[in-house]
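Each remark here refers to the structure printed beneath this line.
We did not get these values from a lab; they are worked out from the coordinates using the rules stated. These figures come from a predicted structure and were not determined experimentally. Please note: Cβ atoms are built from the backbone with ideal geometry, for glycine as well, and neighbour counts cover all protein chains shown.
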Amino acid sequence: MTLEESFSLLRSSCGAEPSKFEALYNEVVSSPVNITAIKTREDFFLKHIFDSIYIFTLRKIDFINAADIGSGGGFPGIPISIFYPERRVALVESILKKCRFLENCALKLPLNNVDVINSRAENMKGGYDLITARGVGRVKDVLNATLHLSRKNTVWLLYKGERAGEEVAEAAGIIKKRGIKSEIIRIEEPIKRSYLLLRYN
């Protein structure tokens with residue numbers, strides 16, 4: 001699947017504005033804050049934007065509000081907010097300079113459905129239908145940090161590599177205790193990714 005074929009598929013699945021994905025790329029590559037080592041357009045679109053939202057074409061995930069934990073440069077939170085402009089997305093980031101970058105993106109793109117929260121997940125309050133995390137910790141650590149933000153319909157969407165199953169096994173105690181079921185969706189093309197979905201039984 002080529003880059004254009006990939007995005008053709010995504011565009012047919014939502015009402016997202018492609019221009020906002022381009023604007024996000026421009027903001028990232030021109031930022032004085034080191035957001036990512038990925039700078040080429042094709043790699044950026046595949047490994048950040050496509051990676052962030054492809055799962056939503058594979059599984060139906062109902063949510064009104066989402067929290068992206070350890071949002072960093074805004075992935076997957078900002079692409080999700082573009083993909084679902086009618087849903088509310090909180091970008092949760094503990095590093096202040098990254099929060100300033102996220103706030104600037106929300107202003108420039110613009111994104112009216114985004115809230116930037118300078119905090120650690122452990123210190124937050126409230127409840128979210130969708131909790132996402134990419135590259136911020138192992139499954140058991142993310143669960144321990146975010147269980148208090150969940151409710152009975154919450155879905156955790158965690159972006160993992162080939163060893164996702166090992167992390168699920170490592171978190172078996174908390175998963176069983178809380179009555180959570182897990183599903184791993186593995187893709188090999190056009191990127192390699194394991195999407196881990198966790199839900200209450």
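Around the amide H of VAL155, modelled in the peptide plane, lie the amide H atoms of LEU130, ILE131, all under 5 Å away and 5 or more residues distant in sequence or on another chain. Across the chain, Cα pairs under 8 Å and at least six residues apart give a relative contact order of 18 percent. The modelled label-to-label distance for the pair ILE174/ASN123, using points 7 Å beyond Cα in the direction of Cβ, is 1.9 nm.
Residues in the range 85-102 carry Karplus couplings, in order, of x, 8, 9, 8, 10, 9, 9, 9, 9, 8, 8, 4, 5, 6, 4, 4, 4, 4 Hz; the curve used is 6.51 cos²θ - 1.76 cosθ + 1.60 with θ = phi - 60°, and Gly or Pro positions show x.
Rounded to the nearest 20 debye, the dipole magnitude of the range 3-200 is 720 debye, with +1 charges on Lys and Arg beta carbons, -1 on Asp and Glu beta carbons, and the Cα centre as origin. Counting only lysines at least 8 places from LYS140 when in the same chain, those with an alpha carbon closer than 20 Å to its own are LYS125, LYS152, LYS160, LYS176, LYS177, LYS181.
What the phi angles of the range 48-58 give under the Karplus curve with 6.51, -1.76 and 1.60, with θ = phi - 60°, is a coupling list of 10, 6, 4, 4, 5, 10, 4, 4, 6, 8, 9 Hz, glycine and proline written as x. Placing unit charges on each Cβ (+1 for Lys and Arg, -1 for Asp and Glu) gives the chain a dipole about its Cα centre, and among ILE55, ILE184, THR146 the Cα reaching farthest toward its positive end belongs to THR146.
The sum of -39500 (n - 2.57) across all DSSP H runs of n ≥ 4, divided by the residue count of the chain, sets its helix-only mean residue ellipticity at 222 nm to -9500 deg cm²/dmol.
Using R0 = 41 Å, the C-beta based FRET efficiency linking ARG199 and ARG41 works out to 0.70. Here's the list of lysines a cross-link from LYS98 could span, going by alpha-carbon distance under 18 Å and ignoring same-chain residues fewer than 8 apart: LYS39, LYS108.
Histogrammed with a bin width of 5 Å, the alpha carbon distances of the range 3-200 distribute as 1, 7, 17, 21, 22, 17, 10, 4, 1, 0 percent, first bin at zero.
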